[in-house]
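K.L.:
Could you have a look at this structure, given as structure tokens, before my questions?
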């Protein structure tokens, strides 16, 4: 069994924490896991990538065009990274733009997920992670919301992911993150995948 997950976002969105949660869940289940991270200019809002290879015993790097799943915490990052997906792979993304480019600050409307991902013919689920995270108790849980939405697509049990959250997030935020995970799981299951 080998299942490759590409996680992308910008600095401060919890990309690395999310990869750590998935890695911890693999350890709990006794599944080999390998990972690699690219931080770039993370402290200045730059791109951050994490590659997680579930069931992989050898290399930590995903070959472009072979990832089974793409988790993106920013809509533009999803568009930038979709080339990592294999044919038939799936994207779970936030609908938000974290750092809009100067063109979106003009009088032009910002494109939505159907314009950016739908016209590429990609299989995606786009969620308003900001709204869901606020309902869970903190906007800082958007990454866990998206992980919850994608969790049924991962070859890991929900129980091991919940336990990994308990072991990985700061203790005072455990309940809030677990709530965010469950809310994301519910929101993801109610989404109709496109196209």
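K.L.:
Specify whether the C-alpha gyration tensor of segment 116-177 places it in the rounded, prolate or oblate class, a ≥ b ≥ c being the square roots of the eigenvalues: rounded for a/c under 1.5, otherwise prolate if a/b is larger than b/c and oblate if not. All intermediate terms of the calculation are to be shown ahead of the outcome.
P.N.:
On the way: a/c = 3.46, a/b = 1.49, b/c = 2.32.
Because a/c hits 1.5 or more and a/b fails to exceed b/c, segment 116-177 counts as oblate.
K.L.:
In addition: Work out how much length residue 36 to residue 175 would gain on full extension: take 0.36 nm times their residue separation and subtract the Cα-Cα distance, in nm to one decimal. Intermediate results must be reported in sequence, preceding the final value.
P.N.:
Working: separation 139, 0.36 × 139 = 50.04 nm, distance 2.83 nm.
Answer, rounded to one decimal: 47.2 nm.
K.L.:
Report the full-extension gain for the segment residue 58 to residue 86: residue separation times 0.36 nm, less the Cα-Cα distance, to one decimal in nm.
P.N.:
Numbers: separation 28, 0.36 × 28 = 10.08 nm, distance 1.96 nm.
Answer, rounded to one decimal: 8.1 nm.
K.L.:
Can you pull the one-decimal nm distance between simple spin-label points at residue 28 and residue 66, each 7 Å off the Cα toward Cβ?
P.N.:
Label-label distance for residue 28 and residue 66, simple model: 2.9 nm.
K.L.:
If each residue of separation counts as 0.36 nm, what is the full-extension length gain between residue 166 and residue 130 once their alpha-carbon separation is subtracted? Before the final figure, lay out the partial values.
P.N.:
Values: separation 36, 0.36 × 36 = 12.96 nm, distance 2.16 nm.
Between residue 166 and residue 130, full extension yields 10.8 nm more.
Values in this text are rule-based calculations from the coordinates and carry no lab data. A quick note: this is a predicted structure, and the numbers were derived from the prediction, not measured. Ideal geometry is used to build each Cβ from the backbone, glycine not excepted, and the neighbour counts take in all protein chains shown.
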